[in-house]
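Notes follow the structure.
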Amino acid sequence: MKKLLTVLIMATITLTACSKGGTDTEGSVGGGTLKVGMGADVASFDPHGKNDQPSSRVRANMYESLIYQDEKLNLIPLLATSWSLDDTGTVWTFKLREGVKFHNGEDFNSEDVVFTFNRGKASTNVGHLLEVVEEIRAIDDYTVELELLYPYTPLLTNLSHTAMGMLDKGTVEAQGDQYASGSDGNIPIGTGQFKFDNFVQGQGSTIVKNENYWDKDNMAKADKIELLVYTDNSSRKLALEAGDIDLAYDIAAPDFASIESNPDLKFTNEYDFSYAYAGFNMQNPIFEDVRVREAINLAVDIDSMVQAPTIVNGLGVEANTPMSMTVYGWAEEVEAYGYDPERAKELLKEAGQENLKFSIWTNENPTRVQAATVMQSQLAEVGIEVDVVQMEWGAYLDSTAKGEHDIFILGWVSSTGGADNGLYPIFHSSKMGAAGNRTFYKNPEVDALLEEGRSETVEEKRLEIYAEAQQKIMDDYVHIPLWYLSRVHAMKNNVEGFISHPSGTMKLHNVYVDTSK
């Protein structure tokens, strides 16, 4: 297992590279409409609303943060031109870019930064990104200071998160609780290369080129992008093959062979920061006994699902910790649980729980539905009766945040590429619910380790802390760790400029359809 994971990390490559050049029939780069197929709808256009990937994928093209983390994880100045840290390691100073305007024509300045960060810090969804910030100060119109409670190494990567997109203070205050709801003129306002145009629930979103974007050398290539929803994986693939869309996110593993063999298509195939899991509701009395959680884990054959043509189809590996193997701080030495149904039966008998019955929840994602169905069958073999419940994406996020589930299937993307973002939001007891900890897990030792990891500045010690935290979490059987996936995005051969980002959130300003091909 360990050797396999190491090899896979080293071999994470783009199988078919996307070229970056091209012209349309009139000799100019870009223009026209780019149609993108997504697997789920936007849950919120508000950066401080739902912290989910489908929403982030749309918002990343309308909002901009102070710093951008590119696909190679370099930190690039965006709305901040520079930053510095004082001798105490607790005060960061950011110089802001001048001449930037929001989509409504309002000037961007330090007042907007202070407002955005204070609002983000108060958010139950994304507040963990800023909770080490004690005070945010505007020094002048284009200088901002962030004073931290203690030295915190991941701050800059946290500020590159899509949830840190800058907001126009006046717009948000005017719209109030209805900000970016899409109703009655309450639309999202950012500074990015694209502006909000339209949203139809269940069908998708449309964004259009921002002609007044501040960086004239980096304007959007396409005039318009339609981000269309295809919850069924096969339908999304078929739409691409039929030419109804130009680019399809998240090609399901069972569909990969037809994409790979199609001469009219190209694709990227890379391991990213995502981790798939099934989580226990630790508030449910059924799962109070750790022996029950261990038994359920041992009764599920993850490797069979990884190899199953209808689920992962070999485009992934079994997860050995609750964090992607591509994330800084992943502990290779932690062992996966393995498959042992006989031991599972013994544990259930010891715990006096030989007639368990519960439900496994999933959203409409067909891969997750299929995984839940296989788990249902495997758990039946050790005497556990399971119902599989499917829900619409937005309702699924709301209900799991409230703890209404038994077991749920979800994924977590360590968007900043570090262990703090990979573990703290989904395991620290202060983040129960919408912030990420949908298992409602509480372990004071794990809390202490995650807090220590945040403040430790010595790299070797931080890695040791995060390795210990991962082992303790595994020892508590909080999740059924599923897999790390090599994610496939596919497009027509005449789509240019696409770059897959390991966070799964792609900026599309350089992407367009080359009509000369």
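The values are calculated or read from the model by the stated rules, or taken from the named source; none is laboratory data. In this text, all values refer to a predicted model and were calculated from it rather than measured experimentally. No Cβ is skipped: glycine too gets one built from the backbone with ideal geometry, and neighbour counts run over all protein chains shown. In case anyone asks, the SASA skips ligands and DNA or RNA and just uses the protein heavy atoms, side chains included. Shrake-Rupley method; radii C 1.70, N 1.55, O 1.52, S 1.80 Å.
Taking the empirical scaling 2.2 N^0.38 Å for compact globular proteins as reference, the stretch 277-328 has a Cα radius of gyration ratio of 1.37. Just to check, using Stokes-Einstein with a Kirkwood Rh over alpha carbon pairs, what's the diffusion coefficient of the stretch 97-136 at 10 °C and 1.306 mPa s in µm²/s? So the translational diffusion coefficient is about 141 µm²/s. Under the simplified labelling scheme, the residue 135-residue 387 pair shows an inter-label distance of 5.4 nm, with each label point 7 Å from Cα along Cα→Cβ.
The GluC sites (Glu not before Pro) of the stretch 200-245 that DSSP puts in a loop, and whose beta carbon has at most 15 other beta carbons within 10 Å, are 211. Rounded to whole numbers, the Karplus 3J(HN,Hα) couplings from phi for the stretch 400-416 are 6, 5, 8, x, 8, 9, 9, 10, 10, 10, 7, x, 10, 9, 6, 4, 8 Hz, using 6.51 cos²θ - 1.76 cosθ + 1.60 with θ = phi - 60°, and x at Gly and Pro. Peptides 78-85, 54-61, ordered by how many other C-beta atoms sit within 10 Å of their residues on average, highest first, read 54-61, 78-85. Counting Lys +1, Arg +1, Asp -1, Glu -1, what net charge surrounds residue 146 among other residues with beta carbon under 10 Å of its beta carbon? Net of charged neighbours comes to -3. Sparsely packed loop sites in the stretch 219-284 (the chymotrypsin sites (Phe, Trp or Tyr not before Pro) outside DSSP H, G, I, E and B with at most 16 other Cβ atoms within 10 Å) do not occur.
Model label sites at residue 307 and residue 494, defined 7 Å from Cα along the beta-carbon direction, differ in position by 4.3 nm. On the basis of the beta-carbon distance and an R0 of 30 Å, residue 475 and residue 73 show a calculated FRET efficiency of 0.50. Rolling a 1.4 angstrom probe over the protein heavy atoms with all chains in place gives the chain an accessible area of 38 Å² per residue.
Between the amide H of residue 204 and those of 229, distances stay under 5 Å, these residues lying 5 or more places away or on another chain, with hydrogens modeled in the peptide plane.
Quick check: Cα centre of the stretch 320-384 to Cα centre of the stretch 45-98, how many Å? Cα centroid of the stretch 320-384 versus Cα centroid of the stretch 45-98: 36 Å apart.
Seen from all directions on average, the stretch 366-405 presents a Cα convex hull projection of 3.1 nm².
Residues of the stretch 161-194 falling in the label zone of residue 398, defined by backbone nitrogen less than 14 Å from a point 7 Å along Cα to beta-carbon, are absent. Shown here is the pair-distance distribution of the stretch 31-87: with all Cα-Cα distances grouped in 10 Å bins from zero up to the longest one, the shares run 18, 37, 34, 9, 2, 0 percent.
Derived value for the chain: Kirkwood hydrodynamic radius 23.7 Å. Basis is the mean of 1/r over every pair of different alpha-carbon atoms. Centre-to-centre separation between the Cα atoms of the stretch 212-239 and those of the stretch 104-178: 27 Å. Once Rh is set to the Kirkwood radius over Cα pairs, what Stokes-Einstein translational diffusion coefficient, in µm²/s, holds for the stretch 367-517 at a temperature of 25 °C and a viscosity of 0.890 mPa s? Rounded to a whole number, D works out at 133 µm²/s. Note on the chain: antiparallel DSSP beta bridges, both residues inside, total approximately 75 percent of the bridges counted. Against the main long axis of the alpha-carbon atoms of the chain, helix 110-122 sits at an angle near 10°.
Close amide H partners of residue 143, meaning residues 5 or more places away or on another chain with modelled amide H under 5 Å apart, are 96, 110. If you model the stretch 294-450 as an ellipsoid using its alpha carbon gyration tensor, with each semi-axis the square root of five times an eigenvalue, the axes come out at 24, 19, 18 Å, biggest first.
Taking 0.36 nm per residue of sequence separation and removing the Cα-Cα distance, the residue 173/residue 515 pair yields an extension gain of 118.8 nm.
Overall form of the stretch 236-364: prolate. Here a/c, set by the Cα gyration tensor axes a ≥ b ≥ c, is 1.5 or more, and a/b is the larger of a/b and b/c.
Geometric descriptor of the stretch 322-394, per residue, is 139 Å³ (volume of the convex hull of the Cα atoms). What's the angle, to the nearest 10 degrees (0 to 90), between helix 444-455's Cα axis and the longest principal axis of the chain? Around 30 degrees separate the two axes. Eigenvalues of the alpha-carbon gyration tensor of the stretch 222-261, scaled by 5 and square-rooted, set the equivalent ellipsoid semi-axes at 19, 11, 8 angstrom, largest first. Tell me the angle of helix 459-475 to the major Cα principal axis of the chain, expressed in degrees between 0 and 90 and rounded to the nearest ten. Once rounded, the angle reads 50 degrees.
Charged neighbours of residue 238, selected by a Cβ distance under 15 Å, balance to -3 (K, R count +1; D, E count -1).
For the stretch 132-287, the average shadow cast by the Cα convex hull is 15.9 nm², which is a quarter of the hull's surface.
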